[in-house]
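One structure is given below, encoded as structure tokens.
Taken together, the values in this text are just the output of simple stated rules run on the coordinates, not laboratory data. None of these values were measured; they are calculated from a predicted model. We place every Cβ from the backbone using ideal geometry, glycine too, and count neighbours over all the protein chains shown.
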Amino acid sequence: MSQDKLIRVKSRPNPDQWGDDEVLTLVEATALFFPEGPLTLSSLRSAVAAGTLEIARVAGKDLTTPRAIRKLVRPSCRAAKPSPLASGLEKTKAFGSSSTEESKSAQVAAETTLRALRKRSKATSAESTQPPSARPTLVSSR
């Protein structure tokens, strides 16, 4: 026998009819607070995984409250503000100046170092480190 998972929400469809600390499943919270979007059940699960939606996990069910949902969607001053340098507002030194010159000179320096390392080293020992061999002596076999 299948039971309607939204029966509680259908009986009280207005979020104001719910107490701040009444428990809701994520399915109920989605239907109650976002009946036509923009957040979905998947969005709420992502918020749980990111730690931005407070839940209680009871018997394998994720439960939340209207207070936690309101806290999730409340604008926050903690939102990351883009840095002025990332927005393209920094001033360039002169027309046509670019940081590519610095990176090219670094590439040239790295290439020069790499070529020097690839060259064969000069020999550091004498031509022969073995002692000279003795000359053979001929012996007659009489």
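For segment 19-63, which residues satisfy the criterion of being charged (D, E, K, R) and under 18 Å from K5 (Cα atoms)?
E22, E28, E36, R45, R57, K61, D62 - these are the residues of segment 19-63 that are charged (D, E, K, R) and under 18 Å from K5 (Cα atoms).
Please pick out the residue among E22, E36 that is in contact (Cβ under 8 Å) with a residue 24 or more places away in the chain, surrounded by fewer than 17 Cβ atoms within 10 Å (Cβ to Cβ) and more than 17 Å from R74 (Cα to Cα).
Values: E36 fails: in contact (Cβ under 8 Å) with a residue 24 or more places away in the chain.
On inspection, the qualifying residue turns out to be E22.
Look at S42 and say whether it is outside any loop (DSSP other than H, G, I, E, B), under 27 Å from the mean Cα position of the chain (by Cα), hydroxyl-bearing (S, T, Y) and under 19 Å from V9 (Cα atoms). Please lay out each step first, then the result.
Details: outside any loop (DSSP other than H, G, I, E, B): yes; under 27 Å from the mean Cα position of the chain (by Cα): yes; hydroxyl-bearing (S, T, Y): yes; under 19 Å from V9 (Cα atoms): yes.
Yes: the conditions hold for S42.
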